Amino acid sequence: MILDRLAREVEALLFASDAPLSARQLGELTGSGEESLVQAVERIDAAFREQGHAFHVVEVAGGYRIATDPEYGPVVSQLFEGQKPGRLTRAALETLAVIAYSQPCSRAAIEAIRGVNCDSALRTLIERDMVKISGRMESPGRPLLYATTTSFLEYFGLADLDHLPRMEEISGLLGMTSSELEERDLFRTDDHGE
Amino acid sequence: MPADVPPGDGPGCRIRLDSFEGPLDLLLYLIRRDELDICDVPVAHVAEQYLLYIRAAQDLNLDVASEYLVMAATLTSIKSRSLLPSHAAEGEEALDPGAELRRQLILYRAFREIAKELQRSEETWRDIFTSPGERVRWAPEGAGVEPGQAGLLDLLRALESLTAEEEPAPVHSVAPRGWTITECIEALERAILPGRSTSFSEVLGAGPSRRRVVAYFVAILELVRRGWLSVRQPFPFAEITMERTGRWSLDS
């Protein structure tokens, strides 16, 4: 497949950008409509696949990027030996999960759900730029509120917050009373099944 | 003192407390292990099993975080309340002492599952590389913040670095003046007469201040440099004697 002019411009932009480019941004840069850009991105991705390239176009953190296939992770990782941050701990992941679904939220809210002190997990997440302070709650003590960052989306390869796994179900859970929760227990079968 | 750790006799002793992410995690483990329904947890049974764990951990001298102890108290309280007859008035629904705990367990489990899904994504995306952003993303010092993207933390960091730079240098008050080298040279000219050798202590006079000693010494070094003065000291720390040379004042 020979790419048309627009697709090649988009390809060049995606290649050179160090951040995801949204359809809107691509539209502004190429002077084309968003619709035709989404199609251009699809053509690029199709061309990559057709020609058996080691990369494809991914939709992440509100935009498009050119990314390598996970298959080549081990070989590419060598380039970043020692630079790649370690994996997040379970405590950090759980804290991040609570923030992601109920942001902006206070530390107390996170701790109420996890049942443990989340101080150090929060600190790690802020240091790793997964979480930011998004403001203060208008309640006694004006506690800080936390929210996830764009880096969070990129780190987990999420297109946007709506693409979090089971977003609707989980955010629904938060507002439920205990009896409603028991009726709608999502993971009821998991406990026996695992 | 090395504690004589007894081999675990309860089911709890074989698992370390720190492999749990807190009391809720431990409770979920117990509920799953004993194949119980989370919505119909026999509180008495779970409380018993839970306390067994905590005691085992304490017996092993493990540091039991306070959250675990709070949960132990909560469980005991729920258990005792569930044994008491309910005093709910007519038409009023009896308060279920375990409801809040069940709610917590269900919510926590939901997020625990989400955390597992995130972990899977993390694993996948560790092997995916984008071009050329990785250099920025994994640079040891984070790149600058885009306009409009700065968070409270960025601002605080910026403020911190600013205040660190703006810290005023420590101020020393300096005494107005002592002696200038020129003044000392003039004094030396009066003190060291032609053809006569004069000692350093003679020049300084009785009880000279440290500043005076230093000023005169520097002046003497200056004169020696100019070749106007010859200086003798028989051994270290001995009296210094000075004499004009033939070049005294020739250059001035």
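Using a simple spin-label model with points 7 Å from Cα along the Cα→Cβ vector, what separation in nm is obtained for residue B:217 and residue A:71?
Label at residue B:217, label at residue A:71, 8.1 nm between them.
Taking 8 Å as the Cα distance limit and 6 or more residues as the minimum spacing, I'd like the relative contact order of the stretch A:5-69 as a percentage. Write down the numbers at each step before the final one.
Values: 79 pairs, mean separation 23.7, N = 65.
Relative contact order for the stretch A:5-69 comes out at 36 percent.
With r defined as the distance between the Cβ atoms of residue A:138 and residue B:187 and R0 fixed at 60 Å, what FRET efficiency is calculated, to the nearest 0.05?
Numbers: r = 76 Å, r/R0 = 1.26.
It comes out at approximately 0.20.
When the dipole is taken about the Cα centre of the stretch A:22-77, and only Lys, Arg (+1) and Asp, Glu (-1) are charged at their Cβ, what size is it in debye, to the nearest 20?
On the way: 4 positive and 9 negative charges, 24 e Å.
Around 120 debye, computed over the stretch A:22-77.
So what's the net charge close to residue B:97: Lys and Arg +1, Asp and Glu -1, counting the other residues with Cβ under 9 Å from its Cβ? Walk me through the numbers on the way to the answer.
Working: positive: B:79, B:81; negative: B:96, B:100.
Charge balance in the 9 Å sphere: 0.
Just rank B:172, A:56, fewest to most, by other beta-carbon atoms within 10 angstrom.
Numbers: B:172 5, A:56 17.
Sorted ascending by nearby Cβ count, the order is B:172, A:56.
In nm, to one decimal, how far is the residue B:210 label point from the residue A:12 one, both placed 7 Å along Cα→Cβ?
A separation of 7.3 nm, rounded to one decimal place.
What is the distance, in nm, between label points placed 7 Å from the Cα along the Cα-to-Cβ direction at residue A:54 and at residue B:162?
Label at residue A:54, label at residue B:162, 4.6 nm between them.
Is the stretch B:181-244 rounded, prolate or oblate when judged by the Cα gyration tensor, a ≥ b ≥ c being the square roots of its eigenvalues, rounded requiring a/c under 1.5 and prolate requiring a/b larger than b/c? List each step's numbers first, then the result.
Numbers: a/c = 1.34, a/b = 1.06, b/c = 1.26.
Because its axes are fairly even, with a/c under 1.5, the stretch B:181-244 counts as rounded.
Which one, A:116, A:38, A:131, has the greatest fluctuation when you compute a Gaussian network model over chain A with C-alpha springs under 10 angstrom?
Maximum among the listed residues: A:116.
Excluding residue A:22 itself, what net charge comes from residues whose Cβ is under 12 Å from its Cβ, given Lys and Arg +1 and Asp and Glu -1?
Numbers: positive: A:24, A:65; negative: A:28, A:34, A:59, A:160.
Once positives and negatives cancel, what remains is -2.
Tell me the relative contact order for the stretch A:90-178 as a rounded percent, counting alpha carbon contacts under 8 Å between residues six or more apart. Intermediate values should be presented prior to the final figure.
Values: 98 pairs, mean separation 25.7, N = 89.
Result for the stretch A:90-178 is 29 percent.
Rank A:46, A:61, A:100 by mean-square fluctuation in a GNM of chain A with C-alpha springs under 10 angstrom and give only the top-ranked residue.
Fluctuation is largest for A:46.
Among B:218, B:230, B:241, which residue has its Cα positioned farthest towards the positive end of the charge dipole of the stretch B:185-243, with +1 placed on the Cβ of Lys and Arg, -1 on the Cβ of Asp and Glu, and the dipole taken about the Cα centre?
B:218
Check which residues have an amide H placed less than 5 Å from residue A:55's amide H, if you skip close sequence neighbours.
A:69
Which of A:86, A:135, A:115 moves the most in a Gaussian network model of chain A with Cα springs under 10 Å?
A:86
So for chain A, averaging the separation of alpha carbon pairs under 8 Å that are six or more residues apart and normalising by length, what relative contact order in percent results?
Working: 205 pairs, mean separation 32.2, N = 194.
Once divided by the residue count of chain A, the mean separation gives 17 percent.
Could you give me the radius of gyration and the Dmax of the stretch A:90-178, taking only the C-alpha atoms into account and expressing both in angstrom?
12.7, 37
Please give the calculated 222 nm ellipticity per residue for chain A, where each DSSP H segment of at least 4 residues contributes -39500 (n - 2.57) and the sum is spread over every residue; nearest 500 deg cm²/dmol? Don't skip to the answer; put the middle values down first.
Working: 11 runs with 96 residues, N = 194.
Rounded to the nearest 500, the figure is -14000 deg cm²/dmol.
Give the whole-number value, in cubic angstrom per residue, of the convex hull volume spanned by the C-alpha atoms of the stretch A:5-69.
On the way: hull volume 4.7 nm³, N = 65.
Here the figure is 72 Å³ per residue.
Bear in mind that the values in this text are calculations on the coordinates, not laboratory data. Since this is a predicted model, take the numbers as computed values, not measurements. Cβ: placed from backbone, ideal geometry, glycine included. Neighbour counts: every protein chain shown.
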